[in-house]
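The values are calculated or read from the model by the stated rules, or taken from the named source; none is laboratory data. Note that the structure is predicted; figures quoted are calculated from it, not measured. Here the Cβ positions follow ideal geometry from the backbone for every residue, glycine too, while neighbour counts run over all protein chains shown. All accessible areas refer to the heavy atoms of the entire protein, side chains included, with ligands and DNA or RNA removed. Shrake-Rupley method; radii C 1.70, N 1.55, O 1.52, S 1.80 Å.
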Amino acid sequence: MLRLLLLSVVVVLVRYGSAKTCPSRSFIEGSLIDAHIPGTAIIVVNTTDILYQEAFGYQSLFPMKMMDVNKSIFVLASISLSVVVVLVRYGSAKTCPSRSFIEGSLIDAHIPGTAIIVVNTTDILYQEAFGYQSLFPMKMMDVNKSIFVLASISKTFIAVAVMQLVELNRLDLDTDINQYLSSPNQRISHPQYPSHAITLRQLLSHSASIGINEETDLTFMQHEDDAFMQMSLADACFTYLSHNTSNWLPKPPGTVTLYSNVGTSLAGLVIERVTQMPWLRLSDIEDREELVKQYAFNTSYLKAWNQALPQLNITKNPSLDWLYIPFYSMSIYPAGLLRMSAQSLSKFLRMFMNNGSSLLHPRSIDEMRKVVNGVVPYDNSNPPILSFGLIWNWQKLRNRQRYIGHGGSMPGATHSMLINEQGTIGVIVLTNADVSPHNDISIRTRGKIEDIQMSLFSCFEN
């Protein structure tokens, strides 16, 4: 049975969520680790209300069970608990998700760890890390330090880079991309509609009539930096988009939409050719200790993983039900291989919410937000989930509210970055969870991430 140990926490808050004055979750978790404290429940009250309540760590280590402010029962030994707090309340306890709610969601969905940030146009309103950046060895997630592979959220940076070059008159959204690729012996064109130019607007709105070849897509992914040595981005794009009609849709470019990683990577190749700027590789990262490790739950899927991606050398833990996915690279890297922390990504999101700040003109933000007209989904059998602007897309969550942003999923990484329709609140959820197999675990994982986002929007919009 756990005993409540001595914990002195002195906190002075000017505004809840301020990174300069508010203790982060990692600060408190680090204090517990340094003091060898398995778990704690912390509550701050005034004469009428509970102002703050959070649980950290574990109520039980064997079996593992998370601490809960409301349910965990302590033996009250000698207690010396000094907490000095000045709080400007950020929301009602009735509408804001508790730490135990989020931790419970992670456990239910088999998510090892997550970093969550909520922003408005000027500030970080909320930032918390939950769970683990690494399971073996065990290392806690950190909002500021944990570096994630962003998966398809990387695509939003491609759109911003294109619009920067458009503002500099170095690119035009409606010009044939072959003009920028400068490859006289290789051209990109639809084999059935060669007179229809492929443009950046089409590539960024997934309307270039590029098809999906899942078998080839899997071969683009390689262990460590091997993908960069085996095939260049240009070779990957030109090979995939040769006049092999199996990789093209039977529709003219600019008429239908179908999500395409290769199409976005081709836009990335245009940027590389115009700017002559190299891409950061895994081997260029000096401190790999801060890279978030990637996992998939349920070791019974190991055979299926190794059949689909034998080159990744995925292994299982001998004692826990987790598969470890080593770091990997992709030949079509612009589509998903950008790396950064949640805190760094929040600065990028606030730039977008602030109509470009000093990075872009507001008209460029409007261009990215505007749903591309004149196109229809290639697959009309189901209602469209996404409405595409330039990479940034509009979607409805289960609460029936519209949001703009982007999600991302790759082996061992599942993320979401959304802004409400009014443009006043943005929520980032980065995880090292996996949703690659189409099974109940993946459905639950996506659902729990959406639940967390909806609860945070509800909290901070009210």
Residue tally, condition out of contact with any strand residue (DSSP E or B) (no Cβ under 6 Å at 6 or more places or on another chain), part of a loop (DSSP other than H, G, I, E, B) and not small (Gly, Ala, Ser), over the stretch 199-228: 3
Residues being over 28 Å from Pro250 (Cβ atoms) and touching a residue at least 60 places away in the same chain (Cβ under 8 Å) - total across the stretch 366-391: 2
Residues (outside any strand (DSSP E or B) and open to solvent by less than 20 Å² (accessible area, probe 1.4 Å)) located in the stretch 382-395: Gly389, Leu390, Ile391, Trp392
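Given the criteria in contact with a helix residue (DSSP H, G or I) (Cβ under 8 Å, 6 or more places away or on another chain), open to solvent by 20 Å² or more (accessible area, probe 1.4 Å) and closer than 17 Å to Ser344 by Cα, does Lys155 qualify? Walk me through how you get there before you give the answer.
Values: in contact with a helix residue (DSSP H, G or I) (Cβ under 8 Å, 6 or more places away or on another chain): yes; open to solvent by 20 Å² or more (accessible area, probe 1.4 Å): no; closer than 17 Å to Ser344 by Cα: yes.
Spelling it out, it is not the case that Lys155 is in contact with a helix residue (DSSP H, G or I) (Cβ under 8 Å, 6 or more places away or on another chain), open to solvent by 20 Å² or more (accessible area, probe 1.4 Å) and closer than 17 Å to Ser344 by Cα.
Can you give me the ranges of the strands (runs of 3 or more DSSP E) entirely in the stretch 1-119 with at least 1 residues that are at pLDDT below 80 and open to solvent by 20 Å² or more (accessible area, probe 1.4 Å)? Working first, answer last.
Numbers: elements: 39-45, 50-61, 64-66, 113-119.
Fully inside the stretch 1-119 and qualifying: 39-45, 50-61, 64-66.
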Tally, over the stretch 450-462, of residues that are open to solvent by 10 Å² or more (accessible area, probe 1.4 Å) and in contact with a strand residue (DSSP E or B) (Cβ under 7 Å, 6 or more places away or on another chain): 2
Residue count for the stretch 140-197, restricted to those that are in contact with a His (Cβ under 7 Å, 6 or more places away or on another chain) and assigned to a loop (DSSP other than H, G, I, E, B): 3
Complete set of residues in the stretch 320-336 that are at pLDDT 95 or above and either out of contact with any strand residue (DSSP E or B) (no Cβ under 7 Å at 6 or more places or on another chain) or of a type in the set (A, V, I, L, M, F, W, C) (or both): Trp322, Leu323, Ile325, Phe327, Met330, Ser331, Ile332, Tyr333, Pro334, Ala335
The one condition in (1) open to solvent by less than 30 Å² (accessible area, probe 1.4 Å); (2) modelled with pLDDT under 95; (3) small (Gly, Ala, Ser) that Ala267 fails to fulfil: (2)
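Acidic (Asp, Glu) and either touching a helix residue (DSSP H, G or I) at 6+ places or on another chain (Cβ under 7 Å) or in a helix (DSSP H, G or I) (or both): which single residue out of Asp379, Asp366 fits that description? Write out each step before concluding.
Details: Asp379 fails: either touching a helix residue (DSSP H, G or I) at 6+ places or on another chain (Cβ under 7 Å) or in a helix (DSSP H, G or I) (or both).
When all the criteria are applied, what remains is Asp366.
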Per-region count, the stretch 273-295, residues over 19 Å from Met340 (Cβ atoms) and open to solvent by 40 Å² or more (accessible area, probe 1.4 Å): 2
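Kindly establish whether His223 is under 30 Å from the mean Cα position of the chain (by Cα), in the same structural domain as Leu337 (by the TED database), surrounded by fewer than 19 Cβ atoms within 10 Å (Cβ to Cβ) and of a type outside the set (A, V, I, L, M, F, W, C).
On the way: under 30 Å from the mean Cα position of the chain (by Cα): yes; in the same structural domain as Leu337 (by the TED database): yes; surrounded by fewer than 19 Cβ atoms within 10 Å (Cβ to Cβ): yes; of a type outside the set (A, V, I, L, M, F, W, C): yes.
Yes, satisfied.
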Matching residues, the stretch 303-333, being of a type in the set (S, T, N, Q) and closer than 17 Å to Ala433 by Cβ: Asn317
